[in-house]
Amino acid sequence: MSDKVNILVLVSGGGTNFQALLDAEKTGGLGPGKLAVAVSDRPEAYALERAKLWGIPVYVEEPDKKLPKEDRRRELSDRIFRIARDHRIGLIVLAGFLSILEGKIIQYYSGRIINLHPSLLPKFGGMGMYGNHVHKAVLDAGEKESGCTVHLVDAGTDTGPIILQRKVPVMTGDTPDALADRIHDEEHIAITEAAALMAERILKQNFQKQERI
């Protein structure tokens, strides 16, 4: 049995959090986690170039806009599910992934999919809460602190159990961009710590299953 946990990373943008994962793997910071595949729903995502430079297989899986929205999500999720199975993935990490996963991938990988969200959940989560939409909502609400959350993905949107959070103060005169910049550094720490923690947990579970056989 392998002493590594293969990780699939889902990305949609520049991939700075993905780069944090790459840097962590280089120094052993992912524990038994091994970055095995990168999948993007957007062909222009620079995160894919980061993966290629690291020698990681990449896939572009765009939503099929000819399908109704509900069918579109399920069909895309099923394609990602097949990639995950083909590469013997143990952990799926959503690092700035803007599509919503549904269906059998959620069921099969229950407890093994994590998402990074740029607020202190359960505040400022749910549909439409991504990127600067989140930071604007935090400022409009007059919050004194914000941060980021890594949580398990379930059938809802930003509703799964929280793994860890990191906090930053909201400063007088903050703009959404300024708040986002302050949170980004914490996101890089949070996503790598959570990925390592989950990889350790999954590897332990795998060994326990093997012992029972």
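Throughout, read-outs are computed from the coordinates displayed, never taken from laboratory work. Since the model is a prediction, treat every value here as computed from it, not as a measurement. Heads up, the Cβs are rebuilt from the backbone with ideal geometry, glycines too, and the neighbour counts pull from every protein chain shown.
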Segments classed as helices (runs of 4 or more DSSP H), wholly inside region 1-90, with at least 1 members that are within 20 Å of LYS204 (Cβ to Cβ): 16-26
Failed criterion for ASP71 (all others in (1) touching a Leu at 6+ places or on another chain (Cβ under 9 Å); (2) more than 22 Å from GLY125 (Cβ to Cβ) hold): (1)
Yes/no for GLY96 being loosely packed, with under 13 Cβ neighbours inside 10 Å, of a type in the set (Gly, Ala, Ser) and in a loop (DSSP other than H, G, I, E, B): no
VAL170 being farther than 25 Å from GLY28 by Cβ, surrounded by 13 or more Cβ atoms within 10 Å (Cβ to Cβ) and either of a type in the set (S, T, N, Q) or under 20 Å from the mean Cα position of the chain (by Cα) (or both): no
Among the residues listed as ILE189, ILE163, ILE202, the single one being out of contact with any His (no Cβ under 7 Å at 6 or more places or on another chain), within 25 Å of LEU22 (Cβ to Cβ), β-branched (Val, Ile, Thr) and crowded, with 17+ Cβ neighbours inside 10 Å: ILE202
Matching residues, region 38-80, being closer than 14 Å to PHE97 by Cα, aliphatic (A, V, I, L, M) and surrounded by 16 or more Cβ atoms within 10 Å (Cβ to Cβ): ALA38, VAL39, ALA45, ALA47, LEU48, LEU76, ILE80
Single unsatisfied condition, LYS123 versus (1) closer than 20 Å to GLY13 by Cβ; (2) in contact with a strand residue (DSSP E or B) (Cβ under 9 Å, 6 or more places away or on another chain); (3) basic (Lys, Arg): (1)
Residues satisfying the stated conditions in region 3-44, i.e. of a type in the set (S, T, N, Q), in contact with a strand residue (DSSP E or B) (Cβ under 6 Å, 6 or more places away or on another chain) and free of Cβ contacts under 8 Å to residues at least 60 places away in the same chain: SER40
Where ALA180 falls short, out of the listed (1) assigned to a strand (DSSP E or B); (2) buried (at least 16 other Cβ atoms within 10 Å of the Cβ); (3) not basic (Lys, Arg): (1)
Members of region 136-148 that are within 16 Å of ASN17 (Cβ to Cβ) and either in a helix (DSSP H, G or I) or out of contact with any His (no Cβ under 8 Å at 6 or more places or on another chain) (or both): GLY147
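Taking region 149-170 as the region of interest, how many residues are assigned to a loop (DSSP other than H, G, I, E, B) and at negative phi? Please lay out each step first, then the result.
First, the residues of region 149-170 that are assigned to a loop (DSSP other than H, G, I, E, B): 153-161, 170.
Going one step further and asking which of them are at negative phi, we end up with 153-157, 159-161, 170.
Total satisfying the criteria: 9.
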